[in-house]
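A.B. asks: Once you've had a glance at the structure underneath, I'll fire off some questions.
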Amino acid sequence: MLEAKNLNKEISIKKIDNETSNIKIFNNNILAEIVGEFNKNLIKIEKLTNTKIFFRGNSITVKGNKESIFTVSNSLIFLVNKFLVTSSIEDNDITYSIKKGDTLVNMEKSKSNIRSIDQVIKTPRRSVIPRSKKQSEYLKALLNEDIIISLGPAGTGKSYLAVSAAVNMLMEKKVEKVILSRPAVEAGERLGFLPGDMKEKVDPYLRPLYDALYDLFGYEKVQRKIETGEIEIAPLAFMRGRTLKNSFAILDEAQNASLTQIKMFLTRIGENSKIVVNGDPSQVDLINKNQSGLIQSTKILKNVKEIKCIEFDHTDVVRHPLVSKIIQAYQQKIDDKN
């Protein structure tokens, strides 16, 4: 658990009455990040908590019912601590801080429980924190286990957190190479029909992994590490016959891999290596969806205690709040059919 040593010096909360609370943030840099451009973050907090927020100088006054004021106060405590620990506040942090505040209201815990951050993964361009209990469990597994399989809908952070952990371990020289792989389903793994060299053929299918790398490392550093071989991008078909040593290997979109392919990928593990398999069982692109090996592999390996399986759901989505509602709506349709 991470809590900034000087958190108490940066924020104070004073209850005016049952419907009003006053919060002071003494560091102007932190205050500016929390308030946001044109007060956009405070406006978002107002909307999410059904409160009225008034901002003047370094003082934020919150009006609402007892529970909503408690939520906002804890949200701001979390955001101040997040900035002190990671030096940044992002759009997703606002929504997540409200979610944490709501949890404490429901559990009737004191505000001190909002102060800590479970884990922080530091990369060259940003610090990454888990934004749900399941993400925290996943990140812990990424740092401590050798093989991790994660299933869940888009937007739950499966790929991004895995790439974050891989970049962190590469920076700290705990591994020598990061390998990113993905089945090129649309081309049926027969990439010869596409124009260009091998890299140009494969790149379109690996774009989400590139995006995560660029976000965490920066474009120029990623390109340099690809040139030196510290980062390798490869289609799943090209992993056959290899033994991975001192590596962090990630198989993304594994719902489009067969049982045999996933077995092949998992058995590439060698000395001082880590393997992560990610996928969304609801987005199988194979012609025969029953050929997807992701869920089968999870069931087959469930009793192997050294392999950690994590299952996310819509509550772990950290994209736009509508994404969670869309996933729920589609899942309800599937459940109704069954």
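The values are calculated or read from the model by the stated rules, or taken from the named source; none is laboratory data. Bear in mind the structure is a predicted one, so any value in this text is a computation, not a measurement. Note that we place each Cβ from the backbone using ideal geometry, even for glycine, and neighbour counts take in every protein chain shown.
A.B. asks: Say we look at region 25-69 and pick out the residues that are among the charged types (D, E, K, R) and in a helix (DSSP H, G or I); which of these is surrounded by the fewest Cβ atoms within 10 Å (Cβ to Cβ)?
C.D. replies: E37
A.B. asks: Are any residues in region 257-290 at pLDDT below 90 and out of contact with any strand residue (DSSP E or B) (no Cβ under 7 Å at 6 or more places or on another chain), and if so, which ones?
C.D. replies: S282, Q283, D285, I287, N288, K289, N290
A.B. asks: Collect the residues in region 266-293 that are part of a helix (DSSP H, G or I) and farther than 14 Å from S181 by Cβ, keeping them in residue-number order.
C.D. replies: Answer for region 266-293, where residues must be part of a helix (DSSP H, G or I) and farther than 14 Å from S181 by Cβ: K289, N290, Q291.
A.B. asks: Determine which single condition G101 fails, assuming it passes every other condition in (1) at pLDDT below 85; (2) not in a helix (DSSP H, G or I).
C.D. replies: Answer for G101: the failing condition is (2).
A.B. asks: Among the listed residues K82, K111, K122, which satisfies the condition of being at pLDDT below 80 and not assigned by TED's automatic domain parsing to the domain that holds I250?
C.D. replies: On the way: K82 fails: at pLDDT below 80; K122 fails: at pLDDT below 80.
Of K82, K111, K122, the one residue that is at pLDDT below 80 and not assigned by TED's automatic domain parsing to the domain that holds I250 is K111.
A.B. asks: Let me ask something else. Filtering region 217-265 down to residues that are basic (K, R) and closer than 15 Å to P183 by Cβ, which residue is surrounded by the fewest Cβ atoms within 10 Å (Cβ to Cβ)? Outline the logic, then answer.
C.D. replies: In the first step, residues of region 217-265 are kept if they are basic (K, R); the result is 221, 224-225, 240, 242, 245, 263.
Filter once more, so that each one left must be closer than 15 Å to P183 by Cβ: 240, 263.
On the way: R240: 10, K263: 15.
For region 217-265, the residue satisfying everything is R240.
A.B. asks: So, of the residues in region 129-168 that are over 21 Å from S247 (Cβ atoms) and β-branched (V, I, T), which turns out to be surrounded by the fewest Cβ atoms within 10 Å (Cβ to Cβ)?
C.D. replies: Taking region 129-168 and keeping what is over 21 Å from S247 (Cβ atoms), we get 129-137, 151-157.
After this cut, where a residue has to be β-branched (V, I, T) as well, the list is 129, 156.
Values: I129: 22, T156: 31.
Of everything passing the filter in region 129-168, I129 is surrounded by the fewest Cβ atoms within 10 Å (Cβ to Cβ).
A.B. asks: Output the residues belonging to region 227-247 that are of a type in the set (A, V, I, L, M, F, W, C) and under 20 Å from R207 (Cβ atoms).
C.D. replies: Selection gives I231, I233, A234, L236, A237, F238, M239.
A.B. asks: Report yes if I30 is β-branched (V, I, T) and in contact (Cβ under 8 Å) with a residue 40 or more places away in the chain, otherwise no.
C.D. replies: So I30 fits the description; yes.
A.B. asks: Test of understanding: among V72, V35, which residue is modelled with pLDDT of 90 or more and closer than 23 Å to R125 by Cα? First the steps, then the outcome.
C.D. replies: Values: V72 fails: closer than 23 Å to R125 by Cα.
From the options V72, V35, the qualifying one is V35.
A.B. asks: For region 154-203, which residues satisfy the criterion of being at pLDDT 60 or above and part of a loop (DSSP other than H, G, I, E, B)?
C.D. replies: Result: A154, G155, T156, G157, E172, K173, K174, V175, E176, P183, A184.
Quick grid of which residues meet (1) of a type in the set (S, T, Y); (2) in the same structural domain as A154 (by TED's automatic domain parsing); (3) modelled with pLDDT of 80 or more:
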residue: T298; (1), (2), (3): yes, yes, yes
residue: I307; (1), (2), (3): no, yes, yes
residue: E311; (1), (2), (3): no, yes, yes
residue: Q331; (1), (2), (3): no, yes, no
